[in-house]
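Values quoted throughout were computed directly from the atomic coordinates according to the rules given, and no laboratory measurement underlies them. Just so it is clear, the structure is predicted and the values come from calculations on it, not from any experiment. For neighbour counting, all protein chains shown are included, and Cβ atoms are generated from backbone atoms with ideal geometry for every residue, glycine included.
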Amino acid sequence: MRRLPPLNSIRAFEAAARHLSFNTAADELNVTPSAISHQIRLLEDFLGVKLFRRLNRQVVLTPEGQTYLPTVSAVFEQLHAATDRIASNRTTGPLNMSVTPSFAIRWLVPRLTRFQIAYPEIEVRLVTAVEFVDFSRSDIDLMIHFERNTEQMDLCYYPLMAEELVPVCSPEYQKNLPLRQLNDLQQATLLQVSVRIDDWRLWLNAADVDVGDPQRGPKFNTISLALEAAIAGLGVAITDRKLVTHDLNAGKLIIPFEIQLPNVYYYYMAYPKDYENNVKIIAFRDWLLAEVAAVEDASTLTVMS
């Protein structure tokens, strides 16, 4: 069996090397500076090399210390990540999820009451983000996004629903412009979403209408903001029909042209394969798929991992 240096010595080295200070490392680890010095001396004796050079009131890493630090830091990072993953498999405690803003606000949150009634013991903690989650560096348990993250291969993916892009505007905007024919979009203000800047171009191509620059018009960083602007009468937004069901039913928005562009994106739920037995995730996954099945053909929901 290969010998390893004492863990306390490695912790002392990593903290001292990161701060380049024995005193700061001692504060972080809640020990005395002399204890840090003692642990590092044990590690240096074990390795047979000097890891620090002591210069009056400061320390610097030797070449050997500079070589050793990245590996030690990576090992501690992996250990923290593995510990968090194991701890996250507890049956109690919060369920942390990252969801794209518009899906969260306009589709998920209005339905969450039903999940809380079914699972009152699970506390949902939801943050919105358009970025992919790096699960190795985050306490997030699962994410819902409109794309697959091809950079992370160790994830389970569940397709939720395909988008159906349609233009929407307020009834007043349609009446005042007016919007009667597709070519009337040439005079319309196109409301853009910066993270979905191609949506208008794709829909206009499908509708076979030329409005000049399809990316012209005010830009917003989320679909929800663009939809609020459309409700306020600022222009025409392009969005997934399912995200505006309530606004359409309430008469806040209308679809001026019934041309929809299907399957531009798919919404996915994803989580690390290490979490497959997490009962909180299983409960939320099964509930979410049942909610989706109420509006989508359940036969299309196949697990991809």
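Take the cross-link list Lys219/Lys252; Lys175/Lys219; Lys219/Lys242 and give me the ones stretching past 26 Å between alpha-carbons. Don't skip to the answer; put the middle values down first.
Details: Lys219/Lys252 21 Å; Lys175/Lys219 23 Å; Lys219/Lys242 22 Å.
Listed pairs above 26 Å: none.
Semi-axes of the equivalent ellipsoid for the stretch 1-126, please: Cα gyration tensor eigenvalues, times 5, square-rooted, ordered largest first, whole Å.
Details: eigenvalues 403, 50, 38 Å².
The answer is 45, 16, 14 Å, longest axis first.
What is the magnitude of the charge dipole of the stretch 110-201 about its Cα centre, with +1 placed on the Cβ of each Lys and Arg, -1 on the Cβ of each Asp and Glu, and no other charges, expressed in debye to the nearest 20? Show your work: numbers first, answer last.
Working: 9 positive and 15 negative charges, 97 e Å.
Computed charge dipole of the stretch 110-201: roughly 460 debye.
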Query raised in the report: For the residues Val168, Val60, what sequence is obtained by ranking on other C-beta atoms within 10 Å, fewest first?
Result: Val60, Val168
Report task. Calculate the dipole size of the stretch 1-131 relative to its Cα centre from +1 charges on Lys and Arg beta carbons and -1 charges on Asp and Glu beta carbons; express the result in debye to the nearest 20. Result -> 80
**Report entry** Charge dipole magnitude, Cβ of K and R +1, D and E -1 - the chain, Cα centre, debye nearest 20
**Finding:** 1040
Query - Dipole axis of the chain (+1 Lys, Arg; -1 Asp, Glu on Cβ), positive-most option in Leu243, Ile281, Leu79 - result: Leu79
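Output the antiparallel fraction of DSSP beta bridges having both residues in the chain, as a percent to the nearest 5.
Of all bridge pairs located within the chain, approximately 65 percent are antiparallel.
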Report task. Would you mind computing, in nm to one decimal, how far apart the modelled labels at Ser138 and Val49 are, each placed 7 Å from Cα along Cα→Cβ? Result -> 3.7
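Gain in length, Glu276 to Glu123, computed as 0.36 nm per residue apart minus the alpha-carbon separation, to one decimal in nm? Kindly include the intermediate steps, with their values, before the conclusion.
On the way: separation 153, 0.36 × 153 = 55.08 nm, distance 1.88 nm.
The Glu276-Glu123 span can extend by a further 53.2 nm.
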Requested in this report: Take peptides 100-107, 277-284, 201-208 and line them up by average Cβ neighbours within 10 Å, highest first, as a rough protection proxy.
Outcome: 100-107, 277-284, 201-208
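If each residue's Cβ is checked for other Cβ atoms within 10 Å, how do Ser170, Ser194 rank with the fewest at the top? Can you show the working numbers first?
Working: Ser170 21, Ser194 12.
Ranking Ser170, Ser194 by Cβ neighbours within 10 Å, fewest first, gives Ser194, Ser170.
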Requested in this report: Let me have the 222 nm mean residue ellipticity of the chain computed from DSSP H runs of 4+ only, each contributing -39500 (n - 2.57), with the sum over all residues rounded to the nearest 500.
Outcome: -11500 deg cm²/dmol
Report summary line: Given Cβ charges of +1 for Lys and Arg and -1 for Asp and Glu, the option among Tyr119, Pro167, Phe132 whose Cα lies farthest towards the positive end of the dipole of the stretch 116-180 is Pro167
Query raised in the report: Ranked highest first by average number of other Cβ atoms within 10 Å, how do 41-52, 131-142 line up?
Result: 131-142, 41-52
Query raised in the report: Relative to the longest principal axis of the chain, what angle (0 to 90°, nearest 10) does the C-alpha long axis of helix 33-47 take?
Result: 80
